[in-house]
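Everything on this sheet refers to the single structure shown next.
Values quoted throughout were computed directly from the atomic coordinates according to the rules given, and no laboratory measurement underlies them. Just so we're clear, the structure is a prediction, and the values are computed from it rather than from any experiment. Cβ sites come from the backbone with ideal geometry, for glycine too, and all protein chains shown count toward neighbours.
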Amino acid sequence: MSLAFSLLIGVLIGSVAGILAGLFGIGGGIVIVPLLMAFLKFAPSKAVGTSLAAMLLPVGIMAVWKYAKVGDVDFKVASALAIGIFFMAYVGAHLGLSIGNTWVSRGFGVLLLLVGVKFIIA
């Protein structure tokens, strides 16, 4: 898989995570990690390490350091994810505020259900 393709996928995943972070207050574990595993074929530990690196300062620099020590962080993809998150969290927040709490709650419930089913049948 080419670096350019991986970075493009990273920006797209980051964008989805940004929208969902702004809309539902979620991102890394429920969005970025499964998508990195599905689309970039990352091992779970590399997906977790890369997701944490994308959210390094606000989430946990010490956890990123630990994953990086064993080679389970892709800093280039983490940077691409961060770009998508940075710009699209605003879009997700705007959407969430526009559609109201009832629809945000329902949408979050559907998202959790879909993720749960995916993990059960995977």
Show me 26-33, 100-107 ranked by packing, highest mean number of other Cβ atoms within 10 Å first. 26-33, 100-107
Compute the semi-axes of the equivalent ellipsoid of the range 71-122, taking the square root of 5 times each eigenvalue of the Cα gyration tensor, and list them largest first in whole Å. 26, 21, 5
One finds, for residue 79 and residue 118 with R0 = 35 angstrom and r their Cβ-Cβ distance, a FRET efficiency to the nearest 0.05 of 0.85
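For the chain, please report how many Lys pairs fall under 18 Å Cα to Cα, leaving out neighbours fewer than 8 apart on the same chain.
Numbers: 41/76; 41/118; 46/66; 46/69; 46/76; 66/76.
Total qualifying Lys-Lys pairs in the chain comes to 6.
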In Å and whole numbers, how far do the C-alpha atoms of the chain stretch along each principal axis, longest first? 43, 33, 29
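Given N residues in the range 25-96, what is Rg(Cα) / (2.2 N^0.38 Å)? It would help to have the intermediate numbers written out before the result.
Values: Rg = 11.9 Å, N = 72, 2.2 N^0.38 = 11.2 Å.
Expressed relative to 2.2 N^0.38 Å, the Cα Rg reads 1.07.
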Rounded to whole Hz and in sequence order, give me ³J(HN,Hα) for the range 90-99 from the Karplus expression 6.51 cos²θ - 1.76 cosθ + 1.60, θ = phi - 60°, writing x for Gly and Pro. 4, 4, x, 5, 4, 4, x, 6, 6, 8
Amide H within-cut-off set for residue 42, under 5 Å, with H built and near neighbours excluded: 37
Assertion target for 67, 90, ordered by fewest C-beta neighbours within 10 angstrom first, is 90, 67
How large is ³J(HN,Hα) for each residue in the range 104-116, as worked out from phi by the Karplus curve 6.51 cos²θ - 1.76 cosθ + 1.60 (θ = phi - 60°), to whole Hz, x for Gly and Pro? 5, 4, 5, x, 5, x, 5, 4, 4, 4, 4, 5, x
